[in-house]
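Asks: My questions all concern the structure below.
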Amino acid sequence: MPAYKKYLVVVFVVFLLSSYYLGYTPIAFSLIVLCSSIFSYLLYVKDKAAARDDAWRVPENTLHLSSLFFGWPGAMIAQERLRHKTKKRRFLFVFWLTVFINISAIYMLHTPKGAQFIQYSVSSAESLMNRNAKSDDMHNLLLSLIELRN
């Protein structure tokens, strides 16, 4: 993997941890990014295997959507480790556009309006969870996932 891609992923992970620690984002956000990245990576694995076996391929739009929904770190790692989708300029242009959109959206979450949006989202999630949690254990788990650090 080229050095700049490694650094970008490492900086992004440090940023997510710092953002949580400083109270800007709930831990659930970092978990969403992690799960989305794993999902994206697995999509690339499936597409690479299908390309080798001349089988049904994962549509490029699906790969891009997985990157757009915070899965770009996993997609970037998969591209380099699997040597997959690294030559098509149009694909790479759209991929880097999804990375830019993600970083812009995350930047917006760290503005005053973004902080209001997070607070609103967290309180909405808490009220939804309070109405639908079936057990105290589930209730406590969900609360800890959406809790903001003070």
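The values are calculated or read from the model by the stated rules, or taken from the named source; none is laboratory data. Just so you know, these numbers come straight off a predicted model, no measurement behind them. Positions of Cβ are backbone-derived with ideal geometry, glycine not excepted, and every protein chain shown enters the neighbour counts. The area values use the complete protein model at the heavy-atom level, side chains included, leaving out ligands, DNA and RNA. Shrake-Rupley method; radii C 1.70, N 1.55, O 1.52, S 1.80 Å.
Asks: In degrees between 0 and 90, to the nearest 10, how far off the longest principal axis of the chain does helix 89-109 point, with axes built from Cα atoms?
Replies: 10 degrees
Asks: Using a 1.4 angstrom probe on heavy atoms only, work out the carbon and sulfur share of the accessible area of the chain in %.
Replies: Details: 6420 of 9850 Å².
Carbon and sulfur atoms account for 65 percent of the accessible area of the chain.
Asks: If you count only protein heavy atoms with a 1.4 Å probe, what accessible area per residue comes out for the chain, rounded to a whole Å²?
Replies: Accessible surface, normalised per residue, equals 66 Å².
Asks: With n ≥ 4 as the cut-off for DSSP H runs, can you work out [θ] at 222 nm for the chain, using -39500 (n - 2.57) per run divided by the number of residues, rounded to the nearest 500?
Replies: On the way: 7 runs with 117 residues, N = 150.
About -26000 deg cm²/dmol.
Asks: Anything over 28 Å Cα to Cα? Flag those among Lys88/Lys113; Lys6/Lys113; Lys6/Lys85; Lys46/Lys113; Lys5/Lys48, in the order listed.
Replies: On the way: Lys88/Lys113 37 Å; Lys6/Lys113 31 Å; Lys6/Lys85 17 Å; Lys46/Lys113 39 Å; Lys5/Lys48 20 Å.
Flagged as over cut-off: Lys88/Lys113; Lys6/Lys113; Lys46/Lys113.
Asks: Efficiency by 1/(1 + (r/R0)^6): what FRET value for Thr86 and Ile32, r their Cβ-Cβ distance, R0 = 25 Å, to the nearest 0.05?
Replies: Values: r = 26 Å, r/R0 = 1.05.
With R0 = 25 Å, the Cβ-Cβ based efficiency is 0.45.
Asks: Using only the alpha carbons of segment 1-134, determine the length spanned along each of the three principal axes and report them from longest to shortest in whole angstroms.
Replies: Here the spans come out as 48, 37, 21 Å, largest first.
Asks: May I ask you to list the residues of segment 13-46 whose amide nitrogen lies under 20 Å from a point 7 Å from Cα along the Cα→beta-carbon direction of Thr62?
Replies: It comes to 35-46, nothing else.
Asks: Check which residues have an amide H placed less than 5 Å from Thr25's amide H, if you skip close sequence neighbours.
Replies: Sorted by chain and number, the residues that satisfy this are Tyr20.
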